[in-house]
Structure formats: C-alpha cells, structure tokens
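Peer 1: Sending over a structure as structure tokens; questions will come in a sec.
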Amino acid sequence: HYLVADLARTITLLPGDMIFSGTPANSRPVQPGDVVTVEVEGLGALTNTIVTGPVPIRDDCGAQPTESEEVLSTALGGDWEFRGIRPPQR
C-alpha cells in the first residue's frame, strides 16, 4: 500500500488503473533509449521508450532507489554469487 500511496500523491488513480512494479530476475536498470513492454493476457500490451526526464528525481518525494547486497541479490535472482555473477562495481 505504500507504493499506491506514493503514486497517489502525484497522479490521480482511477478504478481499473493498473500499477506494474518490480523486475524479473537477471534484469538491469533501464537506460534512456531502452524499450519496455508490459502485457496483460486478454487485455493487450503497452510499449514505452525510456527517456531522460526534464528534471531529476526529487529526493524529498517518495522512497529513493538503493543499492545493497540484499537488493542486488533479489534483482539478480538470489543466487548471483553461486552463478558467478558479480554485482556492478560502485
């Protein structure tokens, strides 16, 4: 419910709106120019190209991205150490 509350502070949510969050294992952060497609079976697909925003993300608005061993382990499928995948160098 925190995600929905953060979104509702900046946009109007209406009945039937869908919120997609999270990423599949072995994914990476998106970069400008990447194309992202989400699909709901029986409903359709939505494709968006990632662009650079006109202003940076405000640090006083919602939860900020973090990078930790726990976050990397979750993002890389939980067994990145055993598969020889190393986290990004900081």
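Peer 1: Would you please name the residue that is modelled with the highest pLDDT, looking only at residues in the stretch 26-43 that are of a type in the set (D, E, K, R) and more than 20 Å from G53 (Cα to Cα)?
Peer 2: E41
Peer 1: Right, V4: in contact with a Ser or Thr (Cβ under 9 Å, 6 or more places away or on another chain) and closer than 25 Å to E67 by Cβ or not?
Peer 2: No.
Peer 1: Could you tell me whether V51 is touching a Leu at 6+ places or on another chain (Cβ under 9 Å), modelled with pLDDT of 75 or more and not acidic (D, E)?
Peer 2: No: the conditions fail for V51.
For every residue, the table says whether it meets (1) among the small types (G, A, S); (2) surrounded by 10 or more Cβ atoms within 10 Å (Cβ to Cβ).
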position	(1), (2)
V4	no, yes
R9	no, no
I19	no, no
P24	no, no
V30	no, yes
V36	no, yes
E41	no, no
G44	yes, no
I50	no, yes
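Peer 1: What are the residue pairs meeting all of these: first residue in the stretch 11-25, first residue modelled with pLDDT of 90 or more, second residue surrounded by 10 or more Cβ atoms within 10 Å (Cβ to Cβ) and assigned to a loop (DSSP other than H, G, I, E, B), Cβ atoms under 6 Å, and 6 or more apart or on different chains?
Peer 2: Pairs found: none.
Peer 1: Would you confirm, using the coordinates I've provided, whether E81 is surrounded by 10 or more Cβ atoms within 10 Å (Cβ to Cβ), closer than 23 Å to Y2 by Cβ and modelled with pLDDT under 75?
Peer 2: no
The values are calculated or read from the model by the stated rules, or taken from the named source; none is laboratory data. As the structure is a computational prediction, the values presented were derived from the model and not from experiment. All Cβ positions, glycine included, derive from the backbone under ideal geometry; neighbour counts span all protein chains shown.
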